[in-house]
Amino acid sequence: MPALEHHVFVCHNSRPADAPRVSCSADGKSDLHTRLQQLTKAAGLGDKVRINKAGCLDQCEHGPVVVVYPEAVWYGNVQASDAAEIVAEHLTAGRPVERLRLDDECLNSKSCPHRD
């Protein structure tokens, strides 16, 4: 098997409705994960890109969250309808989708203005 070009992690964390932080997958399903897998395979990237479900990525206020490696590009508020653009632009053409990209100052920071 050839080396992967991209490894994509899709937050699949689910919390109770009364939890202090929101969930990326409130219903315990991930249409986003499924859609990214389908489109990656349809684009012929099945042996070059791996799409994985992830537990909490600690960016709850920006969920659903997706992170693409090796570039470490973090996407926030990603919907299943955004999957085609991520596959076409980032995974195929190598151009991150800027409109979905999380600001660096919010990553792993307690001072992000979006944190509850």
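Cross-link partners of Lys110 among aspartates and glutamates, defined as those whose alpha carbon lies under 13 angstrom from its own and excluding same-chain residues fewer than eight positions apart: Asp58, Glu61.
Applying a DSSP loop filter and a limit of 13 other Cβ atoms within 10 Å to the GluC sites (Glu not before Pro) in the stretch 25-89 leaves Glu71.
Over all directions, average the projected area of the Cα convex hull of the stretch 6-106 and note it in nm². List each step's numbers first, then the result.
Working: hull surface 24.1 nm².
Averaged projected area of the stretch 6-106's Cα convex hull equals 6.0 nm².
Counting only the backbone N, which residues of the stretch 94-111 are under 20 Å from the spot 7 Å out from the Cα of Ala42 toward its beta-carbon? Correct set: 94-95, 97. Here the peptides 43-50, 93-100, 74-81 are ranked by packing, the mean other Cβ count within 10 Å, and the order with the highest first is 74-81, 43-50, 93-100. Listed by Cβ neighbour count within 10 Å, with the fewest neighbours leading, Cys60, Cys11, Cys112 appear as Cys112, Cys60, Cys11.
Contact order, relative form, for the stretch 26-116: 28 percent (alpha carbon pairs under 8 Å, 6 or more residues apart, mean separation divided by residue count). Full extension of the chain between Asp18 and Ala84 gives 20.5 nm of extra length, using 0.36 nm per residue less the Cα-Cα distance.
Rounded to the nearest 0.05, what FRET efficiency do Arg99 and Arg50 give with R0 = 35 Å and r taken as the Cβ-Cβ distance? Could you check?
Numbers: r = 24 Å, r/R0 = 0.69.
After rounding, the FRET efficiency stands at 0.90.
Quick note: the coordinates plus some simple rules give every number you see, no bench work behind them. Here the structure is a predicted model, which is why all the values come from computation and not from measurement. Using ideal geometry, Cβ is built from the backbone for each residue, glycine included, and neighbour counts are taken over all protein chains shown.
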